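The values are calculated or read from the model by the stated rules, or taken from the named source; none is laboratory data. Remember, predicted model here, so these are calculated numbers, not experimental data. Positions of Cβ are backbone-derived with ideal geometry, glycine not excepted, and every protein chain shown enters the neighbour counts. Note: areas computed on protein heavy atoms with side chains; ligands, DNA, RNA excluded. Shrake-Rupley method; radii C 1.70, N 1.55, O 1.52, S 1.80 Å.
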Amino acid sequence: MTDVTADNAAMLLRMRDLSIRFGDSAQRLPTVDRVSLDIAPGEIVALVGESGSGKSLLAHTIAGILDPAAKLDATTLDVAGVNVLAEGWDGLRGRRVGIVFQNSRAALNPVRKIGQHIVDVLRAHTDGRRGARREAAIQALASVRIPDAVRRFDAYPGELSGGMCQRVMLALALAGNPSLLIADEPTTGLDVTTQAAILALIVEHARARGMATLLITHDLELARAYAERVVVMHAGQIVEDASVAALFTQSHHPYSRLLIGATPAAIDHVEALTGIPGTIPALDTQTPACRFADRCNRVDERCRSTFPMPVIDANGHRSMCWHPS
Amino acid sequence: MVRLIAGRLAAAVPNLIGVIVITFILTHLLPGDPAAYFAGPSATAASVEETRHRLGLDHSLIEQFALYVKGLAQGDLGNSLISGQPVLADLINRLPASFELTFGALLLAVVIGIPLGMQAALHPGSWIDRLCNAISTLGQAMPTFFLGLLLVFVFYYLLGWAPAPLGRLDSMFEPPPTVTTFWTIDSLLVGDLSLFWAVFSQLILPVVTLGLFGVGPLARMTRASLLEVLSSDYVRTARAAGLPRHQVLWTYAFRNALVPVLNTAGMVFSFLLGANVLVEKVFGWPGIGAYAIEALLASDFAPVQGFVIVMALFYVLVNLTIDVVTVLVDPRVAFDA
Amino acid sequence: MLDQASIAYRLRAMRPGSLIALALLALLILVALIGSYLVPYDPLSPDPKHALMPPNPAHLFGTDQFGRDILSRVVVATRLDLAIAFAAVLVSLIAGSVLGAFAGWSGGWVDRILGRLIDTIMAFPLFVLAVGIAAGLGNSISSVVIATAIVNLPFYARQTRSEVNRRRTAAYVEAAYLSGFSPLSIVSLHIMPNVVPPLMVQSSLNMGWAILNAAGLSFIGLGVRPPQAEWGIMVSDGATNIISGEWWMFVFPGAVLLIAVLIFSLVGDALRDILDPKRR
């Protein structure tokens, strides 16, 4: 496998040929198929794809909370300089990698005050007196723009709105001062204004701390608005990886093109909106090597039998297609 | 918070009323003539009539009910034919024995059942999970009186480890001075270790017999509740945030799994109060269950009535306590209401 | 929805343990029905010459203090215990579902009053209540049946009430109502069939509990009188003989009692698998 960037040593995330498999039989195809991905410190990367494309699995893997029933398999997986395949994720969770989930109210302990929740995380990752931690927790709440943080310290998640819960989640994820923040569909279920506010907050913190961000979303709009680089996933395979500008002006992979075509804001008029034919393929003996084959209008026999070799141009724009545009 | 507790108290009142009414109905279902029973087998027609009048049985049912409630309020539960004493006095005399047994059994069920259920939840599919399931199924199906007799046979008759199942204390010993009425605690309080051991060894088999019944439901509920909580989103967040394993388990998982377990403990307590009767018979335990059964078989009904009321009232109190504890443990209740 | 095909599929997909449980249940019922015709000895007639014999080839379970063959008595007791439990469960099933359906359909104060009644029954430790009822109704088998039925009633009432209540506002029910179907026919034709599967699972578990209840009452001396053969009363007889070492008198009836209750418990699990395999 060729390296995707020149300077490997400083990479925050180095992932090569990562596959995630469920079920016992060695015959079953992996849900996530030989994915390779790098993230540099401070980079804001969007991971985009339809539901079921394996984005969350990937997110959970990097964060160290992959379902124990899943089998992980990779040539390389280094997170914040640690070879997690050999050493595991102890010491990384919350400390080097933070993660924010969707549906945040369900993701907060309903019987614990939100301030106390943050103090718990602080206690796990920092030293100091109890009083200092309480202060720090209040600061953390204030830094995610929760009004009246001192009083809200004692609130329970059930008393807060969805947007506020999301802010608390963000504060929790940032409490350990991680180098990489994963935001897994952080704005699903929120109204548009709150969505914008949350994402702006994430980017603001990322810039202030020099923190890399992996933004996972099915919404290309958001990717375009907030990320620097976009990685497109389909059915567990990465199909394209480019800077935002490059993707939107000259994407190579047919799937990326179709995704852009289906995004209202990216095109001029509504008549030009297209859908994407077919659905994500089932994983069985009939699945083609390039899993987009059955939905693609440029498909040929080679696509079905062999996964395309990655093509990388001078800017690091990577695409996996036998028939790029 | 106080309002919630008051609300729970208020909700318990209809139950209390219901208990009193139903007990009244039960004892007035007696076939035959209660006056004749109470007057005794050698009574003449005149003395039966006199008994009837004295017991107020010649009044209308409503008036009898009023008298009954008045009597209850004054603590008058009638007199026992066998002992000649007021039923209330007899019950108070015999309650500690039943309490010590029931609480001991509940303690045993909790101490075995909850950790068993936890381990089963933490290692699903393992041998401990299967053991948990087997013990639960067996515990539910096992007739309490059969288990008691089996234990007596094995540990007393065959092995000679346990003392004779003849009650709370071997006749060689004197009971300890009364402080808590629990002889185990009271004997420790005066520092008499041989007395403590005598009391304890009489207590073990009945407590195990009664308690085993409760292990099953507690283990099952702990397992189910904890499994559900362990796969919840907020436990996932706690793990992802790097919280230490024991904190995730206890502060985040166990505390949230607790409420259904508390409710199950209440239910288990109810079973124990019922099965108490059987265990007391097997082990010759001088508690209120044995008292009620003796009376019942001798057609002495006032003690039976008193026993049913006391047990039911006690159970309502226990449920109330659990409701209150639930409110304290789970703040969601406060703003869900 | 359950149809022939899905039931057949689920039967094939059952765990082997469930099949064994069902087979054992069939065996148990068989013993109850024809056992008394096949026993080697008369369960009731005393035979003092052979009293208190330990298990031997002539008397596989030994004999009791009157010389009666314990195996025969245990087999014959199967019919009595199962009959008592079955009668009790049937009565509580019918009474409970009718009450529950009525409460669930009517709503309002009817629901509240019936709910209170059910709550009050459940406010008693159930065995205590059974003792109280059996005491009030007199010392006979029918009072044991009624006591057990009343004590079991709340389960059925609650379940039926919640199912009926849940479906009362469903669109298809409203449509039927507006088309002129009477509430009775709606409840019995449209709603009850959906309620039946969980009730059946519940009934199997309740059978086990009813057997324990009846045996417990007999053990204390309520209901069944000597010389009738019944598991609880046999264990009670055997209890006095433990200290003289005649263990077979209480062990065999007790063990069979335990096994019968276990069978019903496992059958309940098996039924749950057939009727709703998602909920294991």
Item checked: Hey, C:VAL195 more than 14 Å from chain B (Cβ to nearest Cβ) and touching a residue at least 60 places away in the same chain (Cβ under 8 Å) or not -> yes
Item checked: Among (1) open to solvent by less than 20 Å² (accessible area, probe 1.4 Å); (2) assigned to a loop (DSSP other than H, G, I, E, B); (3) free of Cβ contacts under 8 Å to residues at least 60 places away in the same chain - the single one A:ALA107 does not satisfy -> (3)
Check: Only one residue in B:PHE182, B:PHE196, B:PHE153 is at pLDDT 90 or above and touching a helix residue (DSSP H, G or I) at 6+ places or on another chain (Cβ under 9 Å), so which one is that?
Finding: B:PHE153
Item checked: Selection within segment C:13-63 - in a helix (DSSP H, G or I) and touching a Gly at 6+ places or on another chain (Cβ under 8 Å) -> C:PRO48, C:LYS49, C:HIS50
Notebook entry, point to check: Considering only residues of segment B:23-45 that are open to solvent by less than 40 Å² (accessible area, probe 1.4 Å) and at pLDDT 75 or above, which is farthest from the other protein chains (Cβ to nearest Cβ)?
Noted result: B:PHE24
Item checked: Some residue of segment C:154-168 being open to solvent by 50 Å² or more (accessible area, probe 1.4 Å), within 14 Å of another protein chain (Cβ to nearest Cβ) and among the aromatic types (Phe, Trp, Tyr) -> yes
Checklist line | The lone exception for A:LEU47 - which of (1) at pLDDT 90 or above; (2) part of a loop (DSSP other than H, G, I, E, B); (3) more than 14 Å from every other protein chain (Cβ to nearest Cβ) it fails | finding: (2)
Check: Scanning segment A:120-154 for residues that are within 11 Å of chain B (Cβ to nearest Cβ), open to solvent by 10 Å² or more (accessible area, probe 1.4 Å) and closer than 23 Å to B:ARG239 by Cβ, which turns out farthest from the chain's Cα centre (by Cα)?
Finding: A:ARG123
Next item on the list: Quick one: which residue in C:ILE146, C:ILE133 is within 14 Å of chain B (Cβ to nearest Cβ) and at pLDDT below 85?
Entry: C:ILE133
Note to self: Among the listed residues C:ARG73, C:ARG68, identify the single one that is more than 30 Å from B:LEU210 (Cα to Cα), more than 14 Å from chain B (Cβ to nearest Cβ) and surrounded by 17 or more Cβ atoms within 10 Å (Cβ to Cβ).
What the structure shows: C:ARG68
Margin query: Take the residues in segment C:76-113 that are open to solvent by less than 30 Å² (accessible area, probe 1.4 Å) and within 14 Å of chain B (Cβ to nearest Cβ); name whichever of them is farthest from C:ILE191 (Cα to Cα).
Written below: C:ALA77
Next item on the list: Can you tell me which residue within segment A:72-95, out of those that are assigned to a strand (DSSP E or B), closer than 24 Å to A:PHE22 by Cβ and within 14 Å of chain B (Cβ to nearest Cβ), is least open to solvent (accessible area, probe 1.4 Å)?
Entry: A:VAL79
Check: Which number in (1) open to solvent by 10 Å² or more (accessible area, probe 1.4 Å); (2) part of a helix (DSSP H, G or I) marks the one condition that C:VAL144 misses?
Finding: (1)
Note to self: Checking A:ALA173 against (1) in a helix (DSSP H, G or I); (2) in contact with a helix residue (DSSP H, G or I) (Cβ under 7 Å, 6 or more places away or on another chain), only one condition comes out false. Which one?
What the structure shows: (2)
Check: Which residues, taken from segment B:137-149, are within 15 Å of C:ALA215 (Cβ to Cβ), more than 7 Å from chain C (Cβ to nearest Cβ) and of a type in the set (A, V, I, L, M)?
Finding: B:LEU147
Note to self: Just to check your reading of the model, which residue among C:SER204, C:SER179, C:SER218, C:SER185 is buried (at least 21 other Cβ atoms within 10 Å of the Cβ) and either over 29 Å from B:PHE153 (Cα atoms) or away from chain B (no Cβ under 12 Å) (or both)?
What the structure shows: C:SER204
Note to self: So the check is Cβ under 8 Å with 6+ separation or different chains; which pairs have a first residue in segment A:172-185 that's at positive phi and more than 11 Å from chain B (Cβ to nearest Cβ) and a second one that's in a helix (DSSP H, G or I) and open to solvent by 10 Å² or more (accessible area, probe 1.4 Å)?
What the structure shows: A:ASN177/A:HIS125; A:ASN177/A:ARG209; A:GLU185/A:SER56
Next item on the list: Looking for whichever is over 18 Å from A:GLY52 (Cα atoms) and in a loop (DSSP other than H, G, I, E, B) here; the options are A:LEU222, A:LEU190. Which one fits?
Entry: A:LEU190
Checklist line | Looking only at segment B:205-224, and only at residues there that are touching a Pro at 6+ places or on another chain (Cβ under 9 Å) and open to solvent by 10 Å² or more (accessible area, probe 1.4 Å), the one that is nearest to A:PRO157 (Cα to Cα) | finding: B:ALA224
Margin query: Within segment B:217-230, does at least one residue satisfy the condition of being of a type in the set (D, E, K, R) and within 14 Å of chain A (Cβ to nearest Cβ)?
Written below: yes
Check: If you go through segment C:154-178, how many residues are of a type in the set (Val, Ile, Thr) and under 16 Å from C:VAL110 (Cα atoms)?
Finding: 2
Next item on the list: Could you name every one of the helices (runs of 4 or more DSSP H) located completely within segment B:242-337 that has at least 1 residues being away from chain A (no Cβ under 11 Å), open to solvent by less than 20 Å² (accessible area, probe 1.4 Å) and over 22 Å from C:ILE121 (Cβ atoms)?
Entry: B:255-283, B:288-297, B:301-329
Next item on the list: Please work out if C:VAL173 is buried (at least 21 other Cβ atoms within 10 Å of the Cβ) and of a type in the set (A, V, I, L, M, F, W, C).
Entry: no
Next item on the list: Determine if segment A:143-155 includes at least one residue that is closer than 30 Å to A:MET15 by Cβ and in contact with a Cys (Cβ under 6 Å, 6 or more places away or on another chain).
Entry: no
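A quick yes/no check of all residues on (1) at pLDDT 70 or above; (2) closer than 22 Å to C:LEU137 by Cα; (3) out of contact with any helix residue (DSSP H, G or I) (no Cβ under 6 Å at 6 or more places or on another chain); (4) open to solvent by 60 Å² or more (accessible area, probe 1.4 Å):
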{"site": "B:MET1", "(1), (2), (3), (4)": "no, no, yes, yes"}
{"site": "B:LEU4", "(1), (2), (3), (4)": "yes, no, no, no"}
{"site": "B:SER47", "(1), (2), (3), (4)": "yes, no, no, no"}
{"site": "B:GLU50", "(1), (2), (3), (4)": "yes, no, yes, yes"}
{"site": "B:ARG54", "(1), (2), (3), (4)": "no, no, yes, yes"}
{"site": "B:ASP58", "(1), (2), (3), (4)": "no, yes, no, yes"}
{"site": "B:ILE62", "(1), (2), (3), (4)": "yes, yes, yes, yes"}
{"site": "B:GLY78", "(1), (2), (3), (4)": "yes, yes, no, no"}
Notebook entry, point to check: Looking at (1) within 23 Å of the chain's Cα centre (by Cα); (2) loosely packed, with under 15 Cβ neighbours inside 10 Å; (3) facing chain C (nearest Cβ under 10 Å), can you tell me which one B:THR178 breaks?
Noted result: (3)
